[in-house]
Amino acid sequence: MKLTYIIGGRIVLPDAVVDGKALAFDGASGKIVGIADEVPANAVTIDAKGNYVAPGLVDIHIHGYLGEDTCDAKPDGIKKMAYGVAKNGVTAFLPTTMTVAKAEIEAALDAVRSLKEESKSWDGAEIIGVHAEGPFINPSKKGAQAAENILVPDADFILDNADVITSVTLAPEMDKEHACIKKLAKDGRVLVSIGHTDASYDEAMSAVKDGARHATHLFNAMSAMAHRNPGVVGAALASDVSVEVIADTFHIHPGLYDIVAKVKGDKMVLITDCTRAGGMPDGEYDLGGQPIFLKGIECRLADGTIAGSVLKLNHAVKNVLAYTSLPICEVFKMASLNPATSIGVSDRIGSLEAGKDADIIIVDEDINVKRTIKKGKTIYEA
């Protein structure tokens, strides 16, 4: 076994930052071996130069990047996304569909399906599966999604594609007697997320009882929390579901980052909800067949409706660090171990623990990515 040692770095573990030691991994197996007190003479080393050595980031909600979109159903486009986000420290992701025509969703699923195995070894982020955001949503909370493509929740459609669908966003009030939620929960392969919903607090809590385990982009496109009507936001905070946060300082006020972290702990998950406008200059793009307009960090429809983001996941980490007093190990978990746990893959990715995939990033104090390593292989170096 010929090990590689990352030396001279500050190693970010789930509960601590370790200085003065080395992180060892086996390039042949692509696995982490552990933390070493000493490095053997003549060992292969990577000098982190005082930077943080952290787990690869996991983005479980990203529609597009660099002009590409999952719903284009273009394998080359999805591959371009995977290579692009690797430069942001992402080593695993869920290409995300939205409420487009069912045939378009099926085509997108087929495109991702054709790439899933190849993605394990290519020089981009690994595709874990698809997040199907819709089409089973409430028209009143559709956000930037097209009303004409909304469908009644259909568990059979999801289960027929459970080889590639990892999570699904649905509005529980559109699911009669929660038949879809119950069937998916019983099967256990697909994470049910509450989102694009106008459900009451009681309805949302009932959905959690029936098997919903996650909430899509907390605060956005869901019934708000008021003192006499806590809404879906209140239910998400009060229950044991994991919650997504778009920490771009625009989708939700950064003063909420600390509050959500204190309430949800390890259930807080940073996502990008990035569109094809991500990594692109200001201008006009499209999302689900509708024109969107990018100006700075804001993506909107013509009527002003917020339409996804152009956030990079390493910048989400940077923003949460900037607006909270949370320890860096906890914030990195929000973009690595917590999302990996929510979609059931924390046994192999999400933290720098022995036996897990050697998905590792080296970042500076401003969370700029210096190197991305996937399964022991460098796939990006600044």
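The values are calculated or read from the model by the stated rules, or taken from the named source; none is laboratory data. Everything quoted here is computed from the prediction, not taken from an experiment. FYI the Cβ positions are ideal-geometry reconstructions off the backbone, even for glycines, and counts take in every protein chain you see. Side chains are part of the model used for accessible areas, which takes the heavy atoms of the whole protein and leaves out ligands, DNA and RNA. Shrake-Rupley method; radii C 1.70, N 1.55, O 1.52, S 1.80 Å.
Taking every residue in segment 148-171 that is within 19 Å of Ala103 (Cβ to Cβ) and pairing it with any residue that is surrounded by fewer than 23 Cβ atoms within 10 Å (Cβ to Cβ) and among the polar types (S, T, N, Q), at least 6 positions away or on another chain, the pairs with Cβ-Cβ distances below 9 Å are Ile150/Asn138. One residue alone among Ile246, Ile181 is in contact with a strand residue (DSSP E or B) (Cβ under 9 Å, 6 or more places away or on another chain), over 29 Å from Phe332 (Cα atoms) and at pLDDT 95 or above, and that residue is Ile181. The residues listed here are Gly64, Gly84; of these, the one that is of a type outside the set (Asp, Glu) and over 30 Å from Ala147 (Cα atoms) is Gly84.
Considering only residues of segment 6-43 that are of a type in the set (D, E, K, R) and open to solvent by 60 Å² or more (accessible area, probe 1.4 Å), which is nearest to Trp122 (Cα to Cα)?
Quick first cut of segment 6-43, residues of a type in the set (D, E, K, R) only: 10, 15, 19, 21, 26, 31, 37-38.
Filter once more, so that each one left must be open to solvent by 60 Å² or more (accessible area, probe 1.4 Å): 10, 15, 19, 21, 31, 37-38.
Numbers: Arg10: 28, Asp15: 31, Asp19: 31, Lys21: 30, Lys31: 16, Asp37: 32, Glu38: 32 Å.
My answer is Lys31.
Taken over segment 334-382, the criterion of being surrounded by fewer than 24 Cβ atoms within 10 Å (Cβ to Cβ) and among the acidic types (Asp, Glu) is satisfied by Asp347, Glu353, Asp364, Glu365, Asp366, Glu381.
When Ile46 is tested against the conditions (1) surrounded by fewer than 19 Cβ atoms within 10 Å (Cβ to Cβ); (2) more than 23 Å from the chain's Cα centre (by Cα), the lone failure is (1). Within segment 188-199, not a single residue is open to solvent by less than 60 Å² (accessible area, probe 1.4 Å) and acidic (Asp, Glu). Considering only residues in segment 297-323 that are open to solvent by 20 Å² or more (accessible area, probe 1.4 Å) and in a strand (DSSP E or B), the one that is nearest to Phe219 (Cα to Cα) turns out to be Ile306. When Val100 is tested against (1) open to solvent by 20 Å² or more (accessible area, probe 1.4 Å); (2) outside any helix (DSSP H, G or I); (3) over 30 Å from Ala54 (Cα atoms); (4) of a type outside the set (Lys, Arg), just one condition goes unmet, and that condition is (1).
Filter segment 1-49 down to the residues that are hydroxyl-bearing (Ser, Thr, Tyr) and part of a strand (DSSP E or B) and list them by number. Working first, answer last.
Residues of segment 1-49 hydroxyl-bearing (Ser, Thr, Tyr): 4-5, 29, 45.
Across segment 1-49, the qualifying residues are Thr4, Tyr5, Thr45.
If Ile62 meets every condition in (1) more than 28 Å from the chain's Cα centre (by Cα); (2) closer than 21 Å to Ala92 by Cβ apart from one, which number is that one? The one condition Ile62 does not meet is (1). Among (1) among the polar types (S, T, N, Q); (2) in a loop (DSSP other than H, G, I, E, B); (3) under 26 Å from Ala382 (Cβ atoms), which single condition is Ser346 missing? It fails just one condition, (3).
Please work out which residue is nearest to Pro327 (Cα to Cα), limiting yourself to segment 262-284 and to residues that are of a type in the set (A, V, I, L, M, F, W, C) and surrounded by fewer than 20 Cβ atoms within 10 Å (Cβ to Cβ).
Val263
The residue of segment 164-204 that is nearest to the chain's Cα centre (by Cα), among those that are under 17 Å from Gln145 (Cα atoms) and of a type in the set (Gly, Ala, Ser), is Ser193. Screening Arg348 against (1) out of contact with any strand residue (DSSP E or B) (no Cβ under 7 Å at 6 or more places or on another chain); (2) free of Cβ contacts under 8 Å to residues at least 60 places away in the same chain leaves a single unmet condition, (1). Filtered by the rule that a residue be modelled with pLDDT under 95, in a loop (DSSP other than H, G, I, E, B) and open to solvent by 50 Å² or more (accessible area, probe 1.4 Å), segment 117-163 gives a lone residue, Lys142. On inspection, Leu294 passes the criterion of being at pLDDT 95 or above and either within 20 Å of Ala247 (Cα to Cα) or in a helix (DSSP H, G or I) (or both).
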